[in-house]
Amino acid sequence: MTTLTGVTDGATAKGEQTRELILSTALRLFREQGYGRTTMRAIATEAGVSVGNAYYYFSSKEHLMQAYYDHLQDQHREAAAAILAGEKSFTVRLSGVLHSWLDISAPYHEFAGTFFKTAAEPKSPLSPFSEESRPARESSVEMFRQVVEGSDLKLPDELKAELPELLWLMLMGVVLFWVHDDSEDVRRTRALIDRAVPLVDRLLRLTRIPGVRGVVNDLVGLIRTIKP
């Protein structure tokens, strides 16, 4: 006799499998056909589920992309875990987190260009700065907070509090460069990281010099002024 718990667990597992199938199918079609040309009906047909079932799990294409953001962030956190657990050097930690993002995003590089046109719209729910994207954004900022707090970097408290969000903005700059990078294995984006991270490290360490504190206070004030 099957227990009620067994039925519930089985239904939950099947539902999760269906959800993952729809998401993976959607991402494949986005890569092959482009985000704009892919419909929810096409996704449902390709996944072998009804249109109603597809809408049950994802209310829109935008909801699918938010699920992709969350999935990508989960993968990024897992890929960076060993670096954050075993390294103290700020440059190694930051470089490792940025490179690991390139590694886990590689399968979506061709699709990123067409999707970016939609995500770049300031009022789009797919913008990384939108309210809808807040969970993935905050998760990423938290990862950069771990980069800073577990490192050998010593900073004024005010700057240390703001730095994780600045490093997330640095990642957004890397992503923009990556979208347009057609070099083999995105070699130019990797070179950008390798050259930029030591520079960021040196600039941050300068903030410990007494004569620079005034500039640091001005910088922190600027950051807090322009933040939402």
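The values are calculated or read from the model by the stated rules, or taken from the named source; none is laboratory data. Just so it is clear, the model here is predicted, and its values are computed rather than measured. Counting neighbours? That spans all protein chains shown, and the Cβs are built from the backbone with ideal geometry, glycine included. Accessible surface areas use protein heavy atoms only, side chains included; no ligands, DNA or RNA. Shrake-Rupley method; radii C 1.70, N 1.55, O 1.52, S 1.80 Å.
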Net charge over other residues, Cβ less than 14 angstrom from the Cβ of HIS71 (K, R count +1; D, E count -1):
-2
Computed Rg/Rh of region 108-196, alpha carbon atoms with Kirkwood Rh:
1.02
Region 92-146 - Kirkwood radius from inverse mean 1/r over Cα pairs (Å)
12.6
Residue-normalised accessible area of region 105-203, expressed per residue, 1.4 Å probe, Å²:
54
Relative contact order [Cα under 8 Å, 6+ residues apart], the chain, whole percent:
17
What's the whole-number percent of alpha carbon pairs in the chain lying beyond 31 angstrom?
33
Size of electric dipole in the chain: Cβ of Lys, Arg +1 and of Asp, Glu -1, about Cα centre, debye, nearest 20
440
Between ASN217 and LYS154, 0.36 nm times their residue separation minus their Cα-Cα distance comes to what?
21.1 nm
Surface share of carbon and sulfur [accessible, 1.4 angstrom probe, percent] for region 85-228
57
Give a quick list of trypsin sites (Lys or Arg not before Pro) in region 61-143 that DSSP marks as loop, anything other than H, G, I, E or B, with at most 15 other Cβ atoms within 10 Å.
LYS88, LYS123
Roughly how tilted is helix 134-149, in degrees to the nearest 10 and between 0 and 90, from the longest Cα axis of the chain?
40
How long are the three semi-axes of the equivalent ellipsoid for region 27-114, computed from the Cα gyration tensor as the root of 5 times each eigenvalue, in whole Å, largest first?
33, 14, 9
For the Cα atoms of the chain, what angle does the longest principal axis make with the long axis of helix 187-206, in degrees from 0 to 90, nearest 10?
40
Counting only protein heavy atoms and rolling a 1.4 Å probe, one gets per residue an accessible area for region 49-94 in Å² of 49
Nearest 10 degrees, 0 to 90: helix 61-86 Cα axis against the chain principal axis
50
